[in-house]
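Read through the structure below, which is laid out as structure tokens, and then see the notes.
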Amino acid sequence: MAQQIFNQECVDKIGVMLLGLDDRGRITMINKAGCKVLGYSVQELTGMDWYDRFVPPEDSRVLRDRFFRIMAGKEEHPEYHENTVLTGGGDRRVIAWHNTLLREDDGRISGLLCTGEDITDRIRVEEDLRRSENRYRRFVDNVPDALFVHDETGKIIDVNEQAAVSLGYSREELLHVNILDIEINYSNAGIRELIRQVFQKKRAMTFRGTQRRKDGETFPVEAKVNVIEEGEEPLFVTVVRDISDRLHQQRRLSDNRDLLRIIIDSIPDIICVKNGQGRWLLANTFDLQLFGLEDVNYRGKTDVELAQYTPLYREAFLSCRESDLFAWRKKEPCRSTEIIPVADGSSRIFDVYKIPLFHADGRRKVLVVIGRDMTEQKQVLEQVRASEARYRQLFERAPIGIVHFDTGMHVTDCNDHYLQIMQAEREQIIGLDIRKMRDKRVLPLLEGTLTGKEGRWEGSYKTTLSRKVVYLSVHAVPLYDGQGNIRGGLILVEDMSLQQQALEEKYRLMSAIDQASETIVITDKWGTIEYVNPAFEKMTGYSAEEAGGKNPRVLKSGRHNTEFYREMWQTLRAGRVWKGHLINKRKDGTLFEEDATISPVRDREGNIINYVAVKRDVTEEVALKKQLNQAMKMEAIGTLAGGIAHDFNNILSAVLGYAEMAELQLAEDEPARKDVVQIITAGQRATDLIRQILTFSRQEEEELRPIKLQFIIKEALKLLRSSLPTSIELQQKIDTGCGPVLADPIRIHQVLMNLCTNAKQAMEGQQGALRVRLAEYDIDSGSFNAFLPSIESGPWLDLEVSDTGMGMEEQVKERIFDPFFTTKKKGQGTGLGLSVVHGIVKSHGGEITVESAPGRGTTFHIYLPLVRDEEKYEEQEAQLELPRGTDRILIVDDEPLLVEVMERFLVILGYEVNGFVDSREALAWFNDNADRVDLVITDMTMPHLTGAELAMEILSKKTEMPIILCTGYSEIMDADRAASMGIRKFLAKPVDNSVLARSVREVLDVVA
């Protein structure tokens, strides 16, 4: 019956090899699965000698002899064995055999029936697992740092070789100690708290401590802890680095160890055949033993009937009916996974194939059930996955970058931390040729690993792909296979950028303190100097060595009383910041002023341990403040001067105008002519006085142009020489090659005459010398900064006027530029001379200094900036004859006297003149007689219509009309504004008749 069922069609549906041998070892039966493995057809295989053709020569004799002993009944046959077979293609495959003896009816052994499973792949998996375990073990042992795997109590589960070497224990000894036995800085509670934080935060944590070697010696370490296996009994990995030599370099290594011991067992098969009605026809021994049916006559029974014989498998048998029906309906092999309990309370996992066979007419024939025990294979695969996952977890969670490369210098693997450091994608790194890296300084180190060398490198590194510059610590070691051959290298990469930045930040901070312009002094709590920066050395003249160990009182100037310092120290000792102004003394005895902020520095307990003083030199600011006060005084006087300048100039214009006309009408020998000349002279002196007032207050516009002062100085000294008494010697040293300055020659003449007059008066009644010197001077602003803040580097002209007179006290010297300040007797001076000089020099963009002491004379220095783009200037001789004309002129001024004097003077010169004192009447007349006017002369400040408004109205009617605008003083009008309005000439009152005559002719000639 069984042989009928096991026809070739049925046999071919079985998924494993089915091999029948006769008692001579010749093949009598083979299925398709066997043909596929061996590479021959059924016809070719039938009759072949199994041991001659398919057993490797080295195994053939032994296996053949054993086979014949079994056939002769001299040796028990093995129910299971494994051996290598040769295929038709020349390959070698490992087959796991389940063997059953075939007997004749009389009990004689007639052959052997074998079911075989190709386990070549499984064997390879086992070999790979062993190699993987060895590889991971070598990896862990090659890690240059000590590595501990422990539980949450600190009990050590595993260590690497470096841990044993660094601590002086053997690996077996370490497996019987606790972390607390070697880590002396952390209490039991401390370790537990650290582990709790690592477990809760799910990330690595770093701490520093001290470990004790077996011989009792201790050494500092940096350890990084991370969880590698969670659950009820979590495991932790601690990577420990000896940082005895380099505490400032933070390197952390972690590696993994493989705790898995992979055991792969052989997998038996279930073979069962049922008919179309679900009744069992055939079952193999393993099937019967598995379900406890060895003593049951199973043939012809259904799953439901057999379930009563095996209560343990009742549910499994009853559920078979549904899966059987599913296979019949599908009409093709079906595969499923079934979990089958066993007597010991465990369960087995089977990979079950149900193969339906049909008759030619479509009727059900048999259902072949083949079940392969996958339990151990599943366990192995799960262990492999767990091992890989654990290693990968350790690999990926390592707090440093890890890279593997092969002997061809190509990257084979890397963790995510390395990708983060390099800012690259995994696809860009895997397979990368390390020799093509951009920064090749690390290449010799990596190449050295392939010759068995271990090395380190640290520095700034430019990444190949992202071109990012990072500061790296690199440790490279060779990797070996099981035979000790180098199979590549391992690179441990730590990004030290933050640490390096912190170090550089510290250096920058110290550099900033050293280079700061502010003085920085650090003292202890008793006031003893511990540190001073270079600015202190430059400011005080004391070197750091000289200042160290001294008290800041070495700088005391005596300008502050005892109460001042007592209050300062009371503030500081109370823990408050003191701010104030100090006048201190340099090493050379000179004084300087500084604003200081002194702050207490506390330790962690809040006790004051130091004081830090940050002081800024304000000597220059104090000087600027004094200059500002001087400017404010002059501004106040200028405001007063401007208020009277307009009216006073109008009066002077009338006086001078009439006097000059009278002079023109008097004969040379007329006695009254001399009186008129005195009137003109007095008027000009009054004019000069007004100009001096407006000059020092900067309310009179000056006409600046490139001039050479040497010519003006020589002319002024010619005039001065005749007024000096014979007791005063005039000495001059004028550099005729000096370049030009931008100046008003009249104002410069006035400055020189004022200074020389003061010098003459200082030496009155005694022998002396008046010295005038002019020279170019290339000024370095650094040497002038303290007392002349506005002086800039570059070429300047230095005009020096000095005398050997009585000199001045310090109090007098500080006030000499104040308006109306004088040391002369009443009636001998106005006190405006030096104020005017000061105003003129400032308006020329210059500076003036004075040096004087009682009995040592006085020296003035005037600094004016040189003009390099010199414009040629030729002095013009004064025109003695006034220009004349016959043109028609309109005069407008609210002062009748001025209208009359200008009208009479211009008529004398031949002009036709119409004068008005009301600007509105003048405009009305002009509107009717515009064609009869060649020139308009108008005052600026008038009621009704100002000169500017009148000019705009006239120009709106006749755009080409030339206009001269005169003003005694105006805050809203100057030459530039007048020109922008279309006014041809701007004159400041009082207007000299000769100036008026030339200005009229100049404007008219341009129009003509």
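The values are calculated or read from the model by the stated rules, or taken from the named source; none is laboratory data. As the structure is a computational prediction, the values presented were derived from the model and not from experiment. Using ideal geometry, Cβ is built from the backbone for each residue, glycine included, and neighbour counts are taken over all protein chains shown. Each accessible area value is taken on the protein alone, full model and side chains, heavy atoms only, with ligands, DNA and RNA left out. Shrake-Rupley method; radii C 1.70, N 1.55, O 1.52, S 1.80 Å.
Numbers at a glance
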read-out	value
Cβ-based net charge around VAL442, under 12 Å, with every Lys or Arg adding one and every Asp or Glu removing one	+3
Debye equation applied to the C-alpha atoms of segment 303-350, log10 I(q)/I(0) at 0.21 Å⁻¹	-0.80
Distance from segment 560-602 to segment 497-529 (C-alpha centre basis), Å	21 Å
P(r), alpha carbons of segment 18-80 - 10 Å bins starting at zero, rounded %	21, 50, 27, 2
Sequence-distant residues sharing a close amide H with ILE243 (under 5 Å, placed H)	VAL221, GLU222
Area accessible to solvent at TYR309, 1.4 Å probe radius, in Å²	100 Å²
Cα lying deepest toward the dipole's positive end in segment 411-569, options GLN501, GLY548, GLN420, charges on Cβ	GLY548
Whole-number percent relative contact order across segment 720-770, with pairs defined as alpha carbons under 8 Å at least 6 apart	67 percent
Sequence-distant residues sharing a close amide H with THR941 (under 5 Å, placed H)	GLY947, GLY968
Cα pair distances exceeding 12 angstrom across segment 549-595, given as percent	66 percent
Listed pairs LYS538/LYS813; LYS32/LYS274; LYS274/LYS365; LYS708/LYS733; LYS301/LYS365 exceeding 19 Å between Cα atoms	LYS538/LYS813; LYS32/LYS274
Under-5 Å amide H pairs with ASP887, H placed in peptide plane, nonlocal only	GLU912
Extreme residue, positive dipole direction of segment 919-974, given options PHE926, PRO943, THR967 (C-beta unit charges)	PHE926
Calculated diffusion of segment 484-539, Stokes-Einstein form, Kirkwood radius summed over Cα pairs, 37 °C and 0.692 mPa s, µm²/s	219 µm²/s
For segment 404-505, radius of gyration divided by Kirkwood radius, i.e. Rg to Rh on alpha-carbons	0.98
Normalised per residue, the volume of the convex hull around the Cα set of segment 273-388 (Å³)	111 Å³
Neighbour net charge for VAL85 - beta-carbon separation under 11 angstrom, K R +1, D E -1	-1
Rounded to whole Å, sorted largest first: equivalent-ellipsoid semi-axes of segment 920-1008, Cα gyration tensor	19, 17, 12
Solvent exposure, largest accessible area first (probe 1.4 Å, DNA, RNA and ligands not counted), of LYS214, LYS354	LYS214, LYS354
